[in-house]
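In what follows, a single structure is set out as structure tokens and then discussed.
The numbers here are math on the coordinates, done by the rules we state, and not lab data. As the structure is a prediction and not an experimental result, all values here were calculated from the model. Glycine also receives a Cβ, built like all others from the backbone with ideal geometry; neighbour counts cover every protein chain displayed.
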Amino acid sequence: MKLSIIGTGYVGLVQGACLADTGNHVICMDIDEKKINALRKGTIPIYEPGLEEMVKKNAHEGRLEFTTSLKTAVQKSDVIFLCLPTPQSEDGSADLSRVLQVVEQIAGLVNGEKLLVSKSTVPVGTVDEIRQIVKRRAKHPVEVAFNPEFLKEGTALQDSLKPDRVVIGSRSKKAVEVLKELFGPFVRTGNPILVMDERSAEMTKYAANAFLATKISFMNELANLCEAVGADVDLVRKGIAADPRIGKLFLFPGVGYGGSCLPKDVKALVKIAEEHGSDLKILSAVDEVNEIQKTILLKKFATHFKNRLKGRTVALWGLSFKPQTDDTREAPSLAIMNRLLEMGVNVKAHDPIAIPSVKGLFGGRVSFHETSYDALKDADALLVVTEWNEFRRPDFARMKKLMKHPVIFDGRNIYDPDEMKGMGFYYYGIGR
Ligand code: NAD
């Protein structure tokens, strides 16, 4: 099939590569000229394991092309996927301006029958709005569908090649058939393709992210209580996870969730509810708990140093919002670093991949280090913010020698408290 992807970011590039890999011809379009030029030369603008090889292979074999021309992308394809950003507006709602603007443009460009599919996460009712726009403007028939994206950054390729489920939101039989054919190769082991109406599909995407965020905030609150009552949240986690109704995944407490999806999608769902006269009390609290949790390490840090913080130096390990990605959007590390700078603390940061994503934001106020050990030199304390694998078994003796004070605030519970104490560290985890 001839496909185009509008918006070649985390979702667009991964989907474009996977759909090309199953034999389709895919044109990835983006307004960012630098990005498109780099992709044409084989340079991948994001870090995602396995993606570079897949993009290069499919580009080399002529199935994957890159363009900045919306006209080319629209006119040379039968199916058009929208993978555009839907960021948070000031009031918390999803900002649909880019999506709707591009839909208007696409409607004016169509040169034959097309299927227009949104992969962008959009509020309930948006697909109906898109349908109205194309009905009004397009000179050829355009079917519309919503196909929510469930990939996780860091494992995006695997998630797309073997999705748990594919959701197709469309009342158009034709659209459903086309999407089933496109995604069928990815669910050969029997994972379901769930066909539903557009509004239910739009709600499914928000519900999934809202539930995941709820699990995290629940565990974070519980962790803080465990600490207060003298329980160990890690034992409690295992104790509850053994119940299949609860499940083992997504129960790790930490420094709060971040990324380009959970924070904005929780806020957008609260806003959607508000617009429909409904007050989502649980989700409002989920968001509030998350904001508080981002500062949890700083509270521990202030208590340990008896509020004498000005002029101290902190090593911070982990900038991305989670391991295996360079994405730092809404990452807890940003809130932590900003707060530390306000307190007059010097910050020495390290991340295996994500330094280029944040370097520009701090204008020289934070020093960035190529190795985790460089960041530790003369530090009063270490803050572990992202659980990259390489942080799990470091050379503790070397760390102790490098640091001014052997104090570790472990925001991801990656070290064993007794072992750390045994080695002479002051150690603070989350909820134990
Ligand atoms: P992104 O910011 O990584 O990529 C969006 C791309 O669109 C950028 O490259 C940008 O330059 C481009 N763009 C912006 N305006 C454009 C325009 N007018 N024409 C063409 N291109 C334009 O965003 P993303 O993380 O890929 O997210 C895209 C959508 O998918 C969002 O709605 C998001 O909520 C959803 N989603 C994201 C993830 C994720 O893990 N990133 C997962 C599921 C769903």
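To the nearest whole percent, what portion of all C-alpha pairs in the stretch 187-318 is separated by more than 22 angstrom? Above the 22 Å cut-off, the stretch 187-318 has 53 percent of its Cα pairs. Hey, for a label at Lys152 modelled as a point 7 Å past Cα toward Cβ, could you say which residues of the stretch 310-354 have their backbone N under 18 Å away? Residues 320-329, 331-332 qualify, since their backbone N sits under 18 Å from the label point.
Highest GNM mean-square fluctuation among Gly23, Gly258, Gly239, for the chain modelled with Cα contacts below 10 Å: Gly239. At full extension, Lys377 and Lys421 could sit 13.8 nm farther apart than now, given 0.36 nm per residue minus the alpha carbon distance. Would you give the gap between the C-alpha center of the stretch 352-402 and the C-alpha center of the stretch 27-59, rounded to a whole Å? Their Cα centres are 29 Å away from one another. Note on the stretch 2-196: semi-axes of the ellipsoid equivalent to its C-alpha gyration tensor, largest first and rounded to whole Å, are 23, 20, 17. Give the angle, between 0 and 90 degrees and rounded to the nearest 10, that separates the Cα long axis of helix 173-183 from the longest principal axis of the Cα atoms of the chain. On a 0 to 90 degree scale, this one is about 50. Taking the average, over residues, of other Cβ atoms within 10 Å as the packing measure, peptides 174-183, 423-432 rank 423-432, 174-183 from highest down. All C-alpha to C-alpha distances of the chain, sorted into 20 Å bins beginning at zero, yield P(r) values of 24, 52, 23, 1 percent in whole numbers. Simple spin-label estimate for Ser284 and Asp78 gives 4.9 nm between the two label positions (7 Å along the Cα-to-Cβ direction from each Cα).
Counting every other Cβ atom within 10 Å of each residue's Cβ, Cys28, Cys18, Cys226 order from fewest to most as Cys226, Cys18, Cys28.
Each peptide among 316-326, 386-396 gets the average number of other Cβ atoms lying within 10 Å of its residues, and from highest to lowest they stand as 316-326, 386-396. Shown in residue order for the stretch 11-19 are the 3J(HN,Hα) couplings computed by the Karplus curve 6.51 cos²θ - 1.76 cosθ + 1.60 at θ = phi - 60°: 6, x, 5, 5, 5, x, 5, 5, 6 Hz (x for Gly and Pro). Entry note, the chain: the mean residue ellipticity at 222 nm calculated from DSSP H runs of n ≥ 4, each adding -39500 (n - 2.57), is -13000 deg cm²/dmol after division by the residues and rounding to the nearest 500. Given the C-alpha centroids of the stretch 262-283 and the stretch 95-173, what is the distance between them in whole angstrom? The stretch 262-283 and the stretch 95-173 have Cα centres separated by 22 Å.
Fully extending the segment from Glu370 to Phe305, taken as 0.36 nm per residue of separation minus the present Cα-Cα distance, adds 20.7 nm. Over the stretch 321-432, all Cα pairs binned in 10 Å intervals from 0 give whole-percent P(r) values of 13, 48, 34, 5, listed from short to long. For the pair Asn111 and Ser69, the difference between a 0.36 nm per residue extended length and the Cα-Cα distance amounts to 13.6 nm. Comparing mean-square fluctuations of Ile282, Ile414, Ile80 from a GNM of the chain with C-alpha springs under 10 Å, the top value falls on Ile282. With the simple model of a label 7 Å out from the Cα in the direction of the Cβ, Ala273 to His140 spans 4.3 nm. List residues of the stretch 203-229, by number, whose backbone nitrogen lies under 17 Å from a label position 7 Å along Cα→C-beta of Arg171. Answer for the stretch 203-229: 203.
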